[in-house]
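K.L.:
There's a structure below that I have some questions on.
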Amino acid sequence: MIGPEALFFHQGAYHSRLKKLVLAAFLPSVIRGSVSEIEQIVLKFLPTWENTTINTLQEMKRYAFDVAMISAFGHKRDSEMKGIKQLYQCLEKGYNSMPLDLPGTPFHKAMKARKQLNETLRRLIQERRGNEKTGGGGLLGNLLGAKNHKVDQLSDSQIADNVIGVIFAAHDTTASVLTWVLKYLHDNRDLLEAVTREQDGIQRKIIEENRRLTWDDTRHMPLTTRVIQETLRRASILSFTFREAVEDVEFEGYYIPKGWKVLPLFRTIHHCADFFPQPEKFDPSRFEVPLRPNTFIPFGNGVHSCPGSELAKLEMLVLLHHLTTSYRYPFILSFSP
């Protein structure tokens, strides 16, 4: 459904080439210019939550999806993005469905939406290929920019698969982390008050200087950042990942044959008392001191680490800034199991 040419299904030279192109779209030097656009999305969303009951996860998914669209496509036309969004939402419903390709099933509808999405993206790619500029910015612009280097030229299907893959990776996990952040702040009122004081201080400075939130402001949110880090550890949204032994491996007395699957268990690492004393306790102060290497890996590690980790943290900080400075508890929150 995501597409066989997507970054995270590959290794070797093709993976390395794609990783460089994708990473270039999410470097801090690039995404710092997105703060204003992300802030506008937040300011549009928050008023719609007033005086009503919301499903927190679904609203966070809506927010993270809009941020992912900006990151994937750069400057966009609303009508163009609306169609892509509708098709992707239909596709998403099939990710965890039974793979029964029969009319009426979620899988069948998702595969039909995937074909339509591929056609829509191909038209957009062809349109932007004809643009002598950088392809319109965002990840798509970066992937199209590879056409200037013959060895790195990517086909339309390769570009489409990787755009869909990045949207898939960018919005669902970020939305889950934000939902858990609100849960932990709700359960730790002293911590919530401390985060609010930190954000109020930034907000006062912004008002005094008559400006909007900037990238530099997000670099001066140490407590809020630690809350996000501890949420990533405590909730461990990605519990594990799949890896395959590309050659025979011997590890601590165990023999792993080539082709066998290996599952690094992030949750087990993040909840190990040897690395994190009282691991069940929500304690952001853990991150006031450097951690042991390879004990905190919410975005993976090595060549297959998540290239969008900085964007994910940025959009969380922007949302939490406005949520804590514009609204006050008690929110009426309900978290269902």
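The values are calculated or read from the model by the stated rules, or taken from the named source; none is laboratory data. Since the model is a prediction, treat every value here as computed from it, not as a measurement. So basically every Cβ, Gly included, is an ideal-geometry build from the backbone, and we count neighbours across all protein chains shown. Note: accessible area is taken over every heavy atom of the protein model, side chains too, but ligands, DNA and RNA are not part of it. Shrake-Rupley method; radii C 1.70, N 1.55, O 1.52, S 1.80 Å.
K.L.:
Output the number of the condition that N188 fails; it satisfies all remaining conditions of (1) over 21 Å from the mean Cα position of the chain (by Cα); (2) without any contact (Cβ under 8 Å) to a residue 60 or more places away in the chain.
P.N.:
(2)
K.L.:
Looking only at segment 213-252, filter to residues that are at pLDDT 95 or above, open to solvent by less than 30 Å² (accessible area, probe 1.4 Å) and outside any helix (DSSP H, G or I); which one of those is farthest from P264 (Cα to Cα)?
P.N.:
Checked segment 213-252; the qualifying residue farthest from P264 (Cα to Cα) is L213.
K.L.:
Here is a list: F240, F276. Which entry is farther than 27 Å from H10 by Cβ and of a type in the set (F, W, Y)?
P.N.:
F276
K.L.:
What's the total number of residues in segment 168-201 that are surrounded by fewer than 18 Cβ atoms within 10 Å (Cβ to Cβ), in contact with a helix residue (DSSP H, G or I) (Cβ under 9 Å, 6 or more places away or on another chain) and over 24 Å from I237 (Cβ atoms)?
P.N.:
Within segment 168-201, residues that are surrounded by fewer than 18 Cβ atoms within 10 Å (Cβ to Cβ), in contact with a helix residue (DSSP H, G or I) (Cβ under 9 Å, 6 or more places away or on another chain) and over 24 Å from I237 (Cβ atoms) number 2.
K.L.:
From L27, L46, grab the single residue that is over 28 Å from S305 (Cβ atoms), touching a residue at least 40 places away in the same chain (Cβ under 8 Å) and out of contact with any Leu (no Cβ under 6 Å at 6 or more places or on another chain). Write out each step before concluding.
P.N.:
Numbers: L27 fails: over 28 Å from S305 (Cβ atoms).
The conditions single out L46.
K.L.:
Here's a follow-up. Filter segment 25-84 for residues that are among the acidic types (D, E), open to solvent by 20 Å² or more (accessible area, probe 1.4 Å) and either under 21 Å from L139 (Cβ atoms) or touching a helix residue (DSSP H, G or I) at 6+ places or on another chain (Cβ under 8 Å) (or both) and give the result.
P.N.:
Once the filter is applied, which keeps residues that are among the acidic types (D, E), open to solvent by 20 Å² or more (accessible area, probe 1.4 Å) and either under 21 Å from L139 (Cβ atoms) or touching a helix residue (DSSP H, G or I) at 6+ places or on another chain (Cβ under 8 Å) (or both), segment 25-84 yields E37, E59, D66, D78, E80.
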